[in-house]
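Read-outs: derived from the displayed coordinates by stated rules, not from any lab. Since the structure is predicted, the reported quantities are computational estimates derived from the model, not experimental observations. Note: ideal-geometry Cβ built from the backbone for every residue, glycine included; neighbour counts use all protein chains shown.
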Amino acid sequence: MSKLSVDKNWIGLNTGSFLLRNNQWALDLLDTWAPMGPKGKIREEAGKVLTRELKGRPVFEADDQSAMVYLLATQRDTWGNKSIKNKIDVIFIA
């Protein structure tokens with residue numbers, strides 16, 4: 001079990017780059033995640049929730065990484081166990 005699921009650690013996940021399948025589950029995840037991003041009251045209120053719920057997170061407005069950790073830690077049945085492992089062969093040509 002990861003630190004993310006056990007500790008709700010706000011730095012237990014890096015949302016810098018990741019892949020999503022083009023399917024309804026991914027669209028629903030993005031629709032749920034996106035409102036925590038725009039500047040304004042929603043982002044500020046979401047930041048307070050994230051700081052309260054996530055271990056070691058300083059006080060500031062919502063950010064993409066904390067928001068994703070929050071969704072995965074608090075809504076595990078909906079978002080948590082949907083990873084699909086694929087074998088991808090990568091060929092680099094110089």
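Among Val59, Val49, Val69, a tally of other beta-carbon atoms within 10 Å of each Cβ gives an order, fewest to most, of Val59, Val49, Val69. Here the residues Arg43, Arg21, ranked from fewest to most Cβ neighbours within 10 Å of their Cβ, fall in the order Arg21, Arg43.
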